[in-house]
Amino acid sequence: MNKTNIYITASIPYVNAAPHVGFALELVQADAYARHFRLLGRDVRFQCGTDDNSLKNVRSAEAAGLPVKDFVNANADRFERLGGRLDVSNDEFVRTSRDPRHVACVHALWRACAENGDLYRKAYEGLYCVGCEQFYDPSELREGRCPEHDVPLDIIREENWFFRLSRYGDRLLELIEADELRIVPAHRRNEVVALLRRGLTDISVSRSAERARGWGVPVPDGDEVVYVWFDALANYLTGLGHGADGFLLQRYWNGDGERIHLVGKGISKFHAIYWPAILLSAGLPPPSSILVHGYVTVNGRKIGKSAGNGIDPERIIQSYGTPDALRYYLLRHIRSGDDGDFSAERLEAAWTGELGGQLGNLANRVLALLSASCDGIVPPVPDNDFVREAARLPEKVAKAFDAYELHVGLANIFEFIGEANRRLAKRAPWADAKALAGDPAPADRELISDRLAASLAEQVQGLAVVARCLLPFLPRSAAELHLRLGIPLPNLYRGPLIVGGVKAAPEAVLFPRRAAA
């Protein structure tokens, strides 16, 4: 990932219910990448949004006894608000039912596929899951039920428009095997390759307006609505002005930069097969990378809006007074490409034991002693193994981003913090400060004073590197640590970290204990 222009997207969720902590995982992963690339000096555009037009939303609105538009708007507002509460730094938020650019984008994509001969009419009958918004072959079912939602499927008989997906299987396989379409982690790539090698069948890309209750993007010059996945996937181009002003499209999609999608494993097929095929048909380049995360579970069971086990991320943020508690847990304690379990107890342990007990305690002890012994002025930083190890930390974190292993990047940071704590305990600069207060002999005073200065300076240098490395993960806490250390908040990773001579704060209570509930 070394191109100048970077386009990053989070997938757009159905708004059939309020957002849960599983969706927060994807938001903070995508945001960490956007922040990381900006700090590398890349030209980054980051987009989020909501999938408003699914039949699932329509049925949920009916069940709630509300007009679809009102129901969708209320829930979409909650998803958009969640991004702000999580300090997600997106440049664009596309709501597919309300963004005035979206219909034009979908129609432009549709017409391009039609002009390429990839749309045709066909009558069909199939088993359809509203939750997945897709047809299933009987062989894919689990005891006759949806393998994803464990519900019976609807039998649908219609004549609709079909897309010639089968035409693109070989080309997609070539792109994936050449790593021009990168799918990470490897086991998700292998799943997609296996599907392609079995062969692709054409897919229906329209629905009757009656079955859709008239909700959705209308088919151009027709009386049906566009299949929600064709509609939803197009959102990645909507925010770039496809079908209208093409400036952003040329800059972030049609150029030679990176096009990165963050998606959950349940929708990887749509992004790694359907979407690239539609783009190829329309004469547009496919994504560069698809980073696939797993599910957040509770006691091993997938969290879902319709499963009744959702955990409200806004309540967690409110409880801790910062989004960084939740961001840290999701980014460190859930492996980036795998399922991971969530519990309030482990979240609290991460906050108090790791963020507070390791990083917060280290910063507070160092700055308090620096204030008492050096009036808060950082002495010259020595050149030693510890300082050189700190200098290697940013490269380790960058490699974790390249490998889609954000949890490893944070583990590397906290491994260094652990070493810093052990070194501080071993060198015991507080003992030197106490000895200096006892008026030692001049020769001893100089030796003790130099040793104390070196101990404090190397620790501040290490904390400064940690603060810089944490910016993509915990932007609020990292910014506060920069402030406490007296160093400027960088716009870029580049440039030396100079802490010698700066004036630091007397203390840094970064992760205070919460009051008992």
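The values are calculated or read from the model by the stated rules, or taken from the named source; none is laboratory data. On a predicted model such as this, the values are computed, not experimentally measured, just so you know. Note that we place each Cβ from the backbone using ideal geometry, even for glycine, and neighbour counts take in every protein chain shown.
Kindly establish whether Tyr7 is assigned to a helix (DSSP H, G or I), in contact with a strand residue (DSSP E or B) (Cβ under 9 Å, 6 or more places away or on another chain), of a type in the set (Phe, Trp, Tyr) and modelled with pLDDT of 95 or more. Steps first, answer last, please.
On the way: assigned to a helix (DSSP H, G or I): no; in contact with a strand residue (DSSP E or B) (Cβ under 9 Å, 6 or more places away or on another chain): yes; of a type in the set (Phe, Trp, Tyr): yes; modelled with pLDDT of 95 or more: yes.
When the stated conditions are applied, Tyr7 does not pass them.
Specify which of the listed residues (Leu55, Leu82) is in contact with an Asp or Glu (Cβ under 9 Å, 6 or more places away or on another chain), under 21 Å from Leu326 (Cα atoms) and touching a residue at least 60 places away in the same chain (Cβ under 8 Å).
Just one listed residue meets the conditions, Leu82.
It is to be established whether one or more residues within the range 10-25 are outside any helix (DSSP H, G or I), within 30 Å of Pro490 (Cα to Cα) and not hydrophobic (A, V, I, L, M, F, W, C).
Yes - at least one qualifying residue is present in the range 10-25.
Determine which member of the set Asp221, Asp179 is out of contact with any helix residue (DSSP H, G or I) (no Cβ under 9 Å at 6 or more places or on another chain), modelled with pLDDT of 95 or more and either charged (D, E, K, R) or not assigned by TED's automatic domain parsing to the domain that holds Leu109 (or both).
After ruling out the rest, the residue left standing is Asp179.
Assess whether Leu410 counts as being in contact (Cβ under 8 Å) with a residue 12 or more places away in the chain and not β-branched (Val, Ile, Thr).
yes
Phe37 passes all but one of (1) touching a residue at least 40 places away in the same chain (Cβ under 8 Å); (2) assigned to a helix (DSSP H, G or I); (3) of a type in the set (Phe, Trp, Tyr); which number fails?
Checking Phe37 against (1) touching a residue at least 40 places away in the same chain (Cβ under 8 Å); (2) assigned to a helix (DSSP H, G or I); (3) of a type in the set (Phe, Trp, Tyr), the one that fails is (1).
Find the helices (runs of 4 or more DSSP H) located wholly in the range 168-268 whose residues include 3 or more that are under 22 Å from Val15 (Cβ atoms) and aliphatic (A, V, I, L, M), and list them.
Working: elements: 169-177, 186-198, 228-233, 235-238, 247-252.
Once the helices (runs of 4 or more DSSP H) in the range 168-268 are filtered for at least 3 residues that are under 22 Å from Val15 (Cβ atoms) and aliphatic (A, V, I, L, M), what remains is 228-233.
Counting just the residues of the range 165-188 that are over 14 Å from Pro287 (Cα atoms) and buried (at least 19 other Cβ atoms within 10 Å of the Cβ), which one comes out nearest to the chain's Cα centre (by Cα)?
Pro185
Could you please let me know if Tyr33 is in the same structural domain as Leu249 (by TED's automatic domain parsing) and either over 24 Å from Val226 (Cβ atoms) or among the basic types (Lys, Arg) (or both)? Walk me through how you get there before you give the answer.
Working: in the same structural domain as Leu249 (by TED's automatic domain parsing): yes; either over 24 Å from Val226 (Cβ atoms) or among the basic types (Lys, Arg) (or both): yes.
For Tyr33, the condition - in the same structural domain as Leu249 (by TED's automatic domain parsing) and either over 24 Å from Val226 (Cβ atoms) or among the basic types (Lys, Arg) (or both) - is met.
Check whether at least one residue in the range 52-61 is farther than 22 Å from Thr238 by Cα, out of contact with any strand residue (DSSP E or B) (no Cβ under 6 Å at 6 or more places or on another chain) and modelled with pLDDT of 95 or more, and report yes or no.
No, the range 52-61 has no match at all.
So which pairs qualify, if the first residue must be in the range 346-369 and without any contact (Cβ under 8 Å) to a residue 40 or more places away in the chain and of a type in the set (A, V, I, L, M, F, W, C), the second must be surrounded by fewer than 20 Cβ atoms within 10 Å (Cβ to Cβ) and not in a helix (DSSP H, G or I), the Cβ gap must be under 7 Å, and the two must be at least 6 apart or on different chains?
Final answer for the pair search is Ala350/His333.
Which pairs turn up if I take residues in the range 228-246 that are hydroxyl-bearing (Ser, Thr, Tyr) and look for partners that are part of a helix (DSSP H, G or I) with beta carbon separation below 6 Å, at least 6 apart in sequence or on another chain?
Close Cβ pairs satisfying both conditions: Thr238/His102; Thr238/Cys105.
Do we find that Val263 is of a type in the set (Val, Ile, Thr) and over 17 Å from Arg182 (Cα atoms) in this structure?
No, not satisfied.
Kindly provide the set of residues from the range 88-117 that are over 19 Å from Pro13 (Cβ atoms) and surrounded by fewer than 22 Cβ atoms within 10 Å (Cβ to Cβ), ordered by number.
Within the range 88-117, Pro100, Arg101, Val103, Ala104, His107, Ala108, Arg111, Ala112, Ala114, Glu115, Asn116, Gly117 qualify.
I'm trying to understand the selection: among the residues of the range 447-476, which are of a type outside the set (Phe, Trp, Tyr) and touching a Gly at 6+ places or on another chain (Cβ under 9 Å)?
Once the filter is applied, which keeps residues that are of a type outside the set (Phe, Trp, Tyr) and touching a Gly at 6+ places or on another chain (Cβ under 9 Å), the range 447-476 yields Ala457, Val460, Gln461, Cys469, Pro472.
Are any of the residues in the range 248-257 buried (at least 20 other Cβ atoms within 10 Å of the Cβ) and acidic (Asp, Glu)?
Looking for residues that are buried (at least 20 other Cβ atoms within 10 Å of the Cβ) and acidic (Asp, Glu), one finds none in the range 248-257, hence no.
For Glu158, which of the numbered conditions (1) surrounded by 15 or more Cβ atoms within 10 Å (Cβ to Cβ); (2) assigned to a loop (DSSP other than H, G, I, E, B); (3) charged (D, E, K, R) fails to hold?
Condition not satisfied by Glu158: (2).
Quick one: which residue in Pro285, Pro379, Pro323 is in contact with a helix residue (DSSP H, G or I) (Cβ under 9 Å, 6 or more places away or on another chain) and without any contact (Cβ under 8 Å) to a residue 60 or more places away in the chain?
Testing whether each residue is in contact with a helix residue (DSSP H, G or I) (Cβ under 9 Å, 6 or more places away or on another chain) and without any contact (Cβ under 8 Å) to a residue 60 or more places away in the chain leaves just Pro285.
Go through the residues of the range 420-427 one by one and say whether even a single one is in contact with a Ser or Thr (Cβ under 7 Å, 6 or more places away or on another chain) and either in a helix (DSSP H, G or I) or among the acidic types (Asp, Glu) (or both).
yes
Filter the range 76-110 down to residues that are assigned to a helix (DSSP H, G or I) and among the charged types (D, E, K, R) and give me whichever is farthest from the chain's Cα centre (by Cα).
The residue in question is Asp77.
Give the range 45-74 a look and list any residue that's surrounded by 22 or more Cβ atoms within 10 Å (Cβ to Cβ), polar (S, T, N, Q) and closer than 25 Å to Gln318 by Cβ, or say none.
Of everything in the range 45-74, just one residue is surrounded by 22 or more Cβ atoms within 10 Å (Cβ to Cβ), polar (S, T, N, Q) and closer than 25 Å to Gln318 by Cβ, namely Thr50.
Quick one: is Gly117 out of contact with any Leu (no Cβ under 8 Å at 6 or more places or on another chain) and at pLDDT below 75? Reasoning before the result, please.
Numbers: out of contact with any Leu (no Cβ under 8 Å at 6 or more places or on another chain): yes; at pLDDT below 75: no.
No, not satisfied.
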